[in-house]
1. Between A:253, A:133, A:37, find the one with the highest GNM mean-square fluctuation for chain A; connect C-alpha pairs within less than 10 Å.
2. From Cα pairs below 8 angstrom and at least 6 apart in sequence, can you work out the relative contact order of chain A, rounded to a whole percent?
3. Hull surface divided by four, with the convex hull built on the Cα atoms of segment A:245-297: how many nm²?
4. What do you get for the angle between helix A:169-184 and the principal long axis of chain A? Use alpha-carbon atoms, 0 to 90 degrees, nearest ten.
5. Can you give the three extents of the C-alpha atoms in segment A:146-214 along their principal axes, from longest to shortest, in whole Å?
6. What does the convex hull of the alpha-carbon atoms of segment A:350-427 project to on average, in nm²?
7. What list of whole percents do you get for P(r) of segment A:284-331, with Cα-Cα distances grouped in 10 Å bins up to the one holding the largest distance?
8. Which one of A:380, A:99, A:54 has the biggest mean-square fluctuation once chain A is modelled by GNM with Cα springs under 10 Å?
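Where a number appears in this text, it was derived from the coordinates with a stated rule and is not lab data. Since this is a predicted model, take the numbers as computed values, not measurements. Glycine gets a Cβ as well: all are built from the backbone with ideal geometry, and neighbour counts include every protein chain shown.
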RNA sequence: GGUGGGGUUCCCGAGUGGUCAAAGGGAUCAGACUGUAAAUCUGACGGCUCAGCCUUCGGAGGUUCAAAUCCUCCCCCCACCA
């Protein structure tokens, strides 16, 4: 089965250019393909996961992916879908972010022995000279065409307008593609559907300057069934960096997938075979939760490793009650089956406090704040007043109480805010 | 450069001297219902030593018993014209 069919079948493809030729090209070549990543943060988030998984599929089918970090373009900012000019990053920040991103990508992609590359477009963009750039590259671009690109058009029509620096983004991205085509024989660029205009511009430039046929694939913007862009939680973006977003939280994020998204997400965000995923479509109600557990387990395994996935699975069982995953459901998944002997809550966010500072001294309100479950005392008071605060499973009635010795049984206090947020306090 | 219109609490967006911590919507949070789902309903949604007090309406001053609302200067954005 060709990569293209695999990607198509799993829901990755929004559009491709030259579908016949592309199919043939991927069939007969060890292709090199690239996707650009913004170095605006030191971590990628699930918003980039579709791109990452696509690169991983490419590699699994014997092609060579390039992760291009936009150290150069990051200084400019892509106008697509953005309302604001990107803030300027220093080279230091970019270098740091680049290292972080590379580390994360290597969990999904094997960078050893030329199986994949990690490049930074700063290498060729920052030394460009304006006049020669205009003469050699700018000449190939028609303003008439550019202003018809959706990314530009929407901004021209918007209140905020579009600055010249952003208008140039397309040229730079096209230049990247040309550069990679020249130096790494990379003839396929992929990206989110908002990248269509930029990708097509690159393909044009490659043809005009190198006389080569290049290709493009775009991925759909992944929204949840309720229509929101996927990957937002109460904590903001869902990061792949375990420091910013723990594997347990990551697991929880996936467990909370909307019913209607489960099969789609299994196809996109796990490597489980499609024949097995198809069968999940028949599940409803509680049974579907088991498929969600598998989705969470597999996604966590891919991003953070099997150990973390297992820990999160067990912690979840101890918090929310254990869940028996039948052996015939998605058999390729490595999630534990049958009844689990005992759950441990080892992955629940935890911090340690000094016992003498807490017992008979600290107000419960402060404890909830210090644990990070509430962002201010007012917030904590509100939570308690509304009946959403629990200590060791018991709902708090008043926010004026102090933590007692009885709360601190075994030197552990389990805090809970609302239905899903747990936090463990260990007293020493 | 000229003229006109703007900058309001996370976002959109009302508000033109007191009744404004500021309408409405969205997002978010909690409760009920559930399946750690969705939808729905209810409530909350600046901070604090919380029936009170303090800090917010681009920034700095000023007028007034009283300002998001009036005046002055400054910063930023938009539209049209040049």
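1. Most flexible of the set in this elastic network: A:133.
2. About 13 percent, as a whole number.
3. Numbers: hull surface 13.7 nm².
Average of the hull's projected areas for segment A:245-297 equals 3.4 nm².
4. Around 80 degrees separate the two axes.
5. Projected onto its principal axes, the Cα set of segment A:146-214 covers 41, 21, 16 Å.
6. Values: hull surface 17.1 nm².
Over all viewing directions, segment A:350-427 projects a mean Cα-hull area of 4.3 nm².
7. Once binned at 10 Å, the Cα pair distances of segment A:284-331 give 27, 57, 16.
8. A:380
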